[in-house]
Amino acid sequence: MNTALAQFAVPFDFDRLQQMVVVNGAIGRLLMACLLGAAVGLEREVNRKAAGVRTNLLICMGAAFFTLLSAVLAGDANPDKGRVASNIVQGIGFLGAGLILHNRSRVSGLTSAASVFVVASIGMACGAGLYAAAAVATAIVIVALEAVGFLERRANLKIYPMVYETRGSDQTRMLESILDAMDHAGERLTGVERDTIGELQRVSFPLIATKKQHDRLSSHLRAEPGIDMVKTFRDLEED
């Protein structure tokens, strides 16, 4: 009993901790985690996603730091040096679940949740000193998010949401024209929003379709006599 109390009475050796941090290259590992996390976050930020540069940077650095602390807190005598690190997966799972939303009869946020999950694994790799593996994983993530998504849209494999905005002087005629164009495209018109700005009247609606279907609908809308102008915008809920 006295021995246990004596251990608590001994002051914490900050010099030993500092030496351990420097020797193990912890500072370099944390900086590497910040760099790779920011690289993934930059791609997300450019595409206006919820989890941007700061979020991915902090997740990656936090996972790396927890991985480092797991071995430090366990001590030299404890063989179980991954106890803290093993809980990172569970914590990131809860964080990713908060990014998944169900709305408009569809699920969004799955890609953002998956990117957060993989960024945490990159951080753990940095914390373990596996720089090459972490760098390759980061490159794969960026290619998967950017290049693969682009190829999916070009190959007409991926459906994605767009918001269409039509402008004119006769709202009723515009609605009839939109309905006619949607009938030709074989799509159902839902989520219509209407407003008036001076003499200009606007009608907007969302549509989830492939690139070819979006192009076909845009052509039909521009050919309708009741519509003066057609604008398309990326849906902010696009995953």
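What follows draws every value from the coordinates through simple rules; no lab data is involved. Predicted model, so just to flag it, every value in this text is computed and none were measured. Every residue, glycine as well, gets a Cβ built from its backbone with ideal geometry; the counts of neighbours run over all protein chains shown.
Numerical summary
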quantity	calculated
Overall form of the range 113-176 per C-alpha gyration tensor (a/c, 1.5; a/b vs b/c)	prolate
Where labels lie 7 Å past Cα in the beta-carbon direction, separation of Ser219 and Val148 in nm	3.1 nm
Length added when fully stretched, Ile140-Arg167, from 0.36 nm per residue minus Cα-Cα	5.5 nm
